[in-house]
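I'd like to ask you about the structure that follows.
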Amino acid sequence: MTLIDIMLKRRSTRTFEDEPVTKEELDKILQAALLAPTSMNRKPCNFMVVERSETLRQLANCKDHGANLLENADKAIVVLADTMIADTWCEDSSVALTYMHLMATELGLGSCWVQVHLRSKDKIPAEEVVREILKVDSHYRIVGMLAIGRSDNIPKPHSLDELDKSRIHFLV
């Protein structure tokens, strides 16, 4: 499969089966995260793998809506960016999440980016909720987490014909 094929195939999956993600598959997803480029190669991101079902249930309630899929995911990978290392934590975390999402697709796994940054639970920032659940120091910022698992309900791939080329502008 070529990179463009993986990009077309990558879709957010919100339902998962009971069959676990293997250690080898998880290792490849984490390798992809560690390969993600960062500003000035500072590498501020850390990756917390959540496997305990009780913790996944807690994380599923970290924001008002859009996180409940975590309850049935096999695992979640929370991206923690150290603000003492880089001020580009949001961008660096986003690239790492994207790399993991693409690797999960390459492996035939279902995955979904769960946004945390700029979201809330009962008017409390979702970052604070996640930080409390995971006992994370305050100098770490949390853009999001990737839910992963096996799924028989992955939406069909996009096609190149769907691309809105009117959004491309050339300066001549």
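The values are calculated or read from the model by the stated rules, or taken from the named source; none is laboratory data. Predicted model, so just to flag it, every value in this text is computed and none were measured. Cβ coordinates were reconstructed from backbone atoms using ideal geometry, including for glycine residues, and neighbour counts include every protein chain displayed. Areas reflect the complete protein model, heavy atoms only, side chains present, ligands, DNA and RNA absent. Shrake-Rupley method; radii C 1.70, N 1.55, O 1.52, S 1.80 Å.
How about segment 137-163: which of its residues are open to solvent by less than 40 Å² (accessible area, probe 1.4 Å) and either without any contact (Cβ under 8 Å) to a residue 60 or more places away in the chain or in a strand (DSSP E or B) (or both)?
Of everything in segment 137-163, those that are open to solvent by less than 40 Å² (accessible area, probe 1.4 Å) and either without any contact (Cβ under 8 Å) to a residue 60 or more places away in the chain or in a strand (DSSP E or B) (or both) turn out to be 142, 143, 144, 145, 146, 147, 148, 149.
Further, regarding this structure: Just give me the residues in segment 98-130 being of a type in the set (Lys, Arg) and within 16 Å of the chain's Cα centre (by Cα), in sequence order.
119
Within segment 52-88, can you find the residues that are within 12 Å of residue 114 (Cβ to Cβ), touching a helix residue (DSSP H, G or I) at 6+ places or on another chain (Cβ under 8 Å), without any contact (Cβ under 8 Å) to a residue 60 or more places away in the chain and not in a loop (DSSP other than H, G, I, E, B)?
Across segment 52-88, the qualifying residues are 56, 71.
Table: residues versus (1) closer than 16 Å to residue 21 by Cα; (2) open to solvent by 70 Å² or more (accessible area, probe 1.4 Å).
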site: 75; (1), (2): yes, no
site: 89; (1), (2): no, no
site: 101; (1), (2): yes, no
site: 122; (1), (2): no, yes
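Hey, another quick one. So in segment 1-20, with the set limited to residues that are touching a strand residue (DSSP E or B) at 6+ places or on another chain (Cβ under 6 Å) and assigned to a loop (DSSP other than H, G, I, E, B), which one is most open to solvent (accessible area, probe 1.4 Å)?
Per the criteria, the residue is 14.
Can you name the condition, by its number, that residue 166 falls short on among (1) of a type outside the set (Lys, Arg); (2) in a helix (DSSP H, G or I); (3) more than 29 Å from residue 5 (Cα to Cα)?
(3)
Further, regarding this structure: Do we have residue 30 as open to solvent by 80 Å² or more (accessible area, probe 1.4 Å), part of a helix (DSSP H, G or I) and either among the β-branched types (Val, Ile, Thr) or more than 18 Å from residue 136 (Cα to Cα) (or both) here?
no
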